[in-house]
């Protein structure tokens, strides 16, 4: 498995790219409705089969429950090419979310346009926005990775959320998330890797 880092193309204070996407059962969610009445929004680009996502999936489910209690909406987005990676199909998304204890929307970006708008590169890739939809943090969940030991804590992302809630900026350096590359459709790989 090739390990790919976040791109950090979105900058602090940049507006979240708009989207409307369905979950695996066909219910649509928009950026506007996800942000409505919330203290912020955490967007995570993930998939079902990536070992880096599988590594933290259970921890992320518990973490998300905590964040939702603090008024931070959480949403996961799968943009992988399911024709070549059927393990990431919407049907499998439902199963993966249930097994992982995910009590938040898990959306399917079939066109891959949303992943490109966020300059997402890997699974998992995390973006934290404030209540106005402005980027507050992008980077890793924590420094644990599959096969390298270390406790899965969500330390980096947890600190960023606490800073956001208290009205403070998250100081650098922000460390990139790393994981499997997003599985782009043939001829669709974005040019932000160059």
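The values are calculated or read from the model by the stated rules, or taken from the named source; none is laboratory data. Since the model is a prediction, treat every value here as computed from it, not as a measurement. Neighbour counts run over all protein chains shown; Cβ positions are idealised from the backbone, glycine included.
Table for the structure above
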{"read-out": "Considering residues of the stretch 159-185 that are touching a residue at least 60 places away in the same chain (Cβ under 8 Å) and part of a loop (DSSP other than H, G, I, E, B) only, the residue surrounded by the fewest Cβ atoms within 10 Å (Cβ to Cβ)", "value": "169"}
{"read-out": "Hits in the stretch 1-45 (condition: part of a loop (DSSP other than H, G, I, E, B), modelled with pLDDT of 95 or more and under 13 Å from residue 104 (Cα atoms))", "value": "27"}
{"read-out": "Per-region count, the stretch 67-91, residues farther than 18 Å from residue 185 by Cβ, in contact (Cβ under 8 Å) with a residue 12 or more places away in the chain and in a helix (DSSP H, G or I)", "value": "3"}
{"read-out": "Only one of 115, 120 that is crowded, with 21+ Cβ neighbours inside 10 Å, within 18 Å of the chain's Cα centre (by Cα), touching a residue at least 60 places away in the same chain (Cβ under 8 Å) and in a loop (DSSP other than H, G, I, E, B)", "value": "120"}
{"read-out": "Selection status of residue 143, without any contact (Cβ under 8 Å) to a residue 40 or more places away in the chain and surrounded by fewer than 16 Cβ atoms within 10 Å (Cβ to Cβ)", "value": "yes"}
{"read-out": "Residue check for residue 94: over 23 Å from residue 169 (Cα atoms), assigned to a helix (DSSP H, G or I) and within 14 Å of the chain's Cα centre (by Cα)", "value": "no"}
